[in-house]
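Report on the following structure.
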Amino acid sequence: MSTTPLLAAHALAIGHPRRTVGESINLQLAGGEVLCLLGPNGSGKTTLFRTLLGLLPARDGQIEVAGQPLARWSRSQLASKLAYVPQNPALPFAFSLEEVVLMGRIAHGSPFRQPSRQDRALAAEALHSLGIAHLAERACTEVSGGERQLALIARALAQQAEVLILDEPTSSLDFGNQLRVLDCLSSLRARGLAILLSTHQPEHALRIADRILFLKQGQLIASGGRELITPAALARLYDSDEALIAAGLGMHMR
């Protein structure tokens with residue numbers, strides 16, 4: 001089995017043309033691993049994800065996909081390696097949920113070709129795995145925000161990439177659908193996929209993460225396993241009261 005990380009960043013600096021958001025960021029993600037990113041709003045989580053995907057240029061440092069520099073991958077090649085579920089993306093047209101999921105298959109052929117039988121089978125499987133197969137023919141403008149989010153996750157699954165990057169994937173979902181997504185991600189990890197996600201819910205990290213990163217003001221301030229999730233550590237990360245966090249998580253003070 002290869003020990004080469006599927007996704008890695010070395011001394012990475014992220015930001016926008018006139019502003020650096022974060023720097024000195026190092027991370028590695030292997031197949032069959034869930035890496036969870038926690039941090040307050042404005043800490044640079046989305047900017048980091050978009051940089052790792054090549055949607056924003058790195059301001060410094062190196063990104064590698066399957067051991068090769070990101071710049072060596074064409075966009076079509078990269079789409080077979082990395083799949084992205086952004087926060088609350090706009091879907092301006094009344095595509096059916098099946099059509100939304102089938103968009104994930106564009107990585108495997110011309111965007112102008114008709115979906116194959118295999119494409120439709122993979123889309124149906126992805127919709128079923130997230131409990132929304134019964135909505136396949138419904139327009140995305142006619143379902144709830146949570147159901148649209150589930151369809152976007154299903155689109156990423158249908159893409160059959162080796163790495164899934166999910167930016168707060170459960171933020172618009174009710175409790176039952178949050179659990180469905182977490183269980184789905186756990187099953188994908190068991191199949192060897194690498195998963196990088198951000199969340200504002202530490203209990204989700206406790207449920208499925210193999211490793212956890214704390215990102216604050218563009219800096220990785222802690223890295224480790226689930227032992228990172230303590231009231232004291234979260235109070236420092238979120239500039240909050242330790243007792244309040246402990247009560248919110250139902251945890252004993254440590």
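Among the residues of segment 1-26, the one identified as closer than 23 Å to residue 207 by Cα and either open to solvent by less than 10 Å² (accessible area, probe 1.4 Å) or in contact with a Pro (Cβ under 6 Å, 6 or more places away or on another chain) (or both) is 7.
Give the residues of segment 110-123 that are in a helix (DSSP H, G or I) and either open to solvent by less than 50 Å² (accessible area, probe 1.4 Å) or within 20 Å of residue 169 (Cα to Cα) (or both), sorted by residue number. Correct list: 119, 122, 123. Only one of the numbered conditions (1) under 23 Å from residue 52 (Cβ atoms); (2) more than 12 Å from the chain's Cα centre (by Cα) is violated by residue 166, and that is (2). Hey, any hits in segment 63-78 for a residue that's at pLDDT below 95, open to solvent by less than 40 Å² (accessible area, probe 1.4 Å), among the small types (Gly, Ala, Ser) and assigned to a helix (DSSP H, G or I)? Taking every residue of segment 63-78 in turn, none turns out to be at pLDDT below 95, open to solvent by less than 40 Å² (accessible area, probe 1.4 Å), among the small types (Gly, Ala, Ser) and assigned to a helix (DSSP H, G or I). Here segment 150-171 is the region considered, the condition is being open to solvent by less than 50 Å² (accessible area, probe 1.4 Å) and in a loop (DSSP other than H, G, I, E, B), and the residue that is farthest from residue 126 (Cα to Cα) is 168.
This table checks each residue for (1) closer than 24 Å to residue 246 by Cβ; (2) open to solvent by 10 Å² or more (accessible area, probe 1.4 Å); (3) acidic (Asp, Glu).
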{"residue": "131", "(1), (2), (3)": "no, yes, no"}
{"residue": "145", "(1), (2), (3)": "no, yes, no"}
{"residue": "188", "(1), (2), (3)": "no, no, no"}
{"residue": "204", "(1), (2), (3)": "yes, yes, no"}
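Can you run down the residue pairs with Cβ atoms below 6 Å, 6 or more apart or on separate chains, where the first is in segment 58-83 and more than 18 Å from residue 28 (Cβ to Cβ) and the partner is among the hydrophobic types (A, V, I, L, M, F, W, C) and open to solvent by 50 Å² or more (accessible area, probe 1.4 Å)? Listed pairs, sorted by first residue: none to list. Taking the residues in segment 87-104 that are within 18 Å of the chain's Cα centre (by Cα) and at pLDDT below 90 as candidates, determine which candidate is nearest to residue 160 (Cα to Cα). So, considering only residues that are within 18 Å of the chain's Cα centre (by Cα) and at pLDDT below 90, the one nearest to residue 160 (Cα to Cα) is 104.
The values are calculated or read from the model by the stated rules, or taken from the named source; none is laboratory data. Keep in mind it's a predicted model, so treat the numbers as computed, not measured. Here Cβ is always computed from backbone atoms with ideal geometry, including for glycine, and neighbour counts include all displayed protein chains. Quick note on the areas: whole protein, heavy atoms, side chains included, nothing else; ligands and nucleic acids left out. Shrake-Rupley method; radii C 1.70, N 1.55, O 1.52, S 1.80 Å.
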